[in-house]
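Since the structure comes first, as structure tokens, the remarks are kept for the end.
All of the numbers you see were taken from the coordinates with simple rules; none came from a lab. Keep in mind the model is a prediction, meaning the values are calculated, not measured.
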Amino acid sequence: MGDKRDFVMVTVSGPDQPGITATFSRILVENQVEIVDIEQASLQDFLGLSFLLDMSGAKQSQDSVLKDLLFEASRLHLTLNFRLFSEKEMKARNSKNLFILTYFGDTRALAEISSILAEENANIEMISNLTRHRASCVELTIDVNGVKNLGHLKERVIAKSHELNVDLALQKMEAYRKNKRLVFFDMDSTLVDMEIIDEMAERAGVFKEVSRITEKAKRGDLDFEEALIQRVALLKGLKVEALEKIRSEIKLSEGAEDLVETLKGLGYKLGLVSGGFDYFANFLKERLRLDFSFANQLEIKDGALTGKVLGKIVDNTYKAKIVNMVSSEEGVLLDQTVAIGDGANDVLMLGQAGLGIAYNAKERIERAANMSVGRARLKNILYILGISEEE
């Protein structure tokens with residue numbers, strides 16, 4: 001066969017049964033043919049099997065090997081096709097830039113998302129269903145080598161996910177994708193289904209003034225530190241009894257408790273990084289048995305708020321620093337971290353983590369995130385982390 005290496009792609013399809021892979025691989029061993037790549041999938045009782053073969057060291061001629069494979073395929077009632085690959089094509093194949101796009105939706109979602117991928121010149125390499133019985137969670141392996149602007153592709157598929165009201169994640173295919181160890185939660189409107197400061201303002205009689213400042217801060221139109229100082233000043237005089245009442249009535253986001261319990265059971269370290277207040281964050285840490293909690297400290301004197309915040313304010317920049325600090329202390333690589341948040345104050349934290357998840361979030365935050373999750377769908381995060389329903 002000379003010095004030039006010969007590659008052949010063999011595809012086998014038909015009714016599935018035990019022993020198919022063993023039969024074909026035995027022929028290859030007998031003929032000293034090496035498998036460069038292999039992929040197999042079964043849909044119901046139908047098999048799809050692909051071998052990429054290096055024929056350069058084969059004992060027999062290429063035609064003889066293929067003839068043996070065709071004979072066995074016929075005996076097993078399978079269809080076999082093949083095509084030759086040049087070394088140039090192999091080099092192109094090995095230079096792929098693979099990403100995983102996961103979405104939670106129906107056939108329409110597949111049609112719309114795959115159309116965007118085609119328009120952006122991203123090639124779908126593989127499609128697999130992560131849930132049983134129906135295609136509600138589908139994973140696409142895509143090659144983005146031909147994509148001119150990956151950021152634009154991400155913006156388009158996330159915008160489409162909002163339009164269709166489905167959750168979607170786009171991550172680079174790498175070893176750490178399914179090896180996350182450390183999770184950072186924002187608190188207000190993420191782990192808990194409420195803005196605690198608005199509840200405090202309601203009881204202090206300054207709800208309108210405080211919520212107006214909160215919205216500006218969440219949109220990123222007002223510096224977080226300044227917004228926090230202004231809002232806490234308005235809460236001056238609020239009694240500790242009122243804080244205790246709010247704390248006892250905290251409502252967790254739908255699916256939050258299951259998410260936390262599942263991750264803890266699998267050995268993840270979890271904690272809160274909040275621009276809210278330690279009075280509530282520390283309570284949640286104990287209630288949910290979290291590993292750490294960072295939040296702003298309210299000054300309380302004579303059983304009431306003074307209208308001041310003590311210590312360093314947990315803003316956008318400080319949240320990102322906390323992700324770095326805790327990761328370092330735990331001996332966990334940043335690639336193995338997850339951050340979940342909903343507001344402009346979470347942008348740097350989401351960008352710092354290996355997997356940034358925008359939860360029911362404003363458009364601005366999603367540019368920093370790998371995943372967008374709608375309200376009451378926290379459970380979908382488990383699929384992204386490679387955790388099955390059984391687990």
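Take every DSSP beta bridge whose two residues both sit in the chain, then give the antiparallel share in percent to the nearest 5. Write down the numbers at each step before the final one.
On the way: 52 of 72 bridges.
Roughly 70 percent of the beta bridges in the chain run antiparallel, per DSSP.
So how far, in whole Å, is the C-alpha centre of region 315-391 from the one of region 15-38?
42 Å
From the Cα trace of the chain, what convex hull volume per residue do you get, rounded to a whole Å³? Don't skip to the answer; put the middle values down first.
Values: hull volume 62.4 nm³, N = 391.
Taking only Cα atoms, the chain has a hull volume of 160 Å³ per residue.
In Å³ and rounded to a whole number, note down the convex hull volume per residue for the Cα atoms of region 234-294.
Numbers: hull volume 5.4 nm³, N = 61.
Taking only Cα atoms, region 234-294 has a hull volume of 89 Å³ per residue.
Semi-axes of the equivalent ellipsoid of region 7-92: what are they in whole Å, largest first, if each equals the square root of 5 times a C-alpha gyration tensor eigenvalue?
Working: eigenvalues 91, 47, 22 Å².
Working through the eigenvalues yields semi-axes of 21, 15, 10 Å.
Of MET349, MET371, MET55, which has the largest mean-square fluctuation in a 10 Å C-alpha GNM of the chain?
Per the Cα network of the chain with a 10 Å cutoff, MET55 tops the list.
Given only helices, namely DSSP H runs of n ≥ 4 each adding -39500 (n - 2.57), what is the per-residue ellipticity at 222 nm of the chain, to the nearest 500 deg cm²/dmol?
Details: 15 runs with 154 residues, N = 391.
It lands at -11500 deg cm²/dmol.
Pick from ARG156, ARG83, ARG219: which residue has the top mean-square fluctuation in a GNM of the chain where Cα pairs under 10 Å get a spring?
Fluctuation is largest for ARG83.
Along the principal axes of its C-alpha atoms, what lengths does region 49-90 span, in descending order and rounded to whole Å?
Extents along the principal axes: 34, 22, 12 Å.
How large is the Kirkwood hydrodynamic radius of region 169-241, in angstrom, based on all distinct alpha carbon pairs?
So the Kirkwood estimate lands at 14.6 Å.
Who wins for biggest fluctuation among GLU195, GLU34, GLU209 in a Gaussian network model of the chain, springs between alpha carbons below 10 Å?
Taking springs between Cα atoms under 10 Å, the residue moving most is GLU34.
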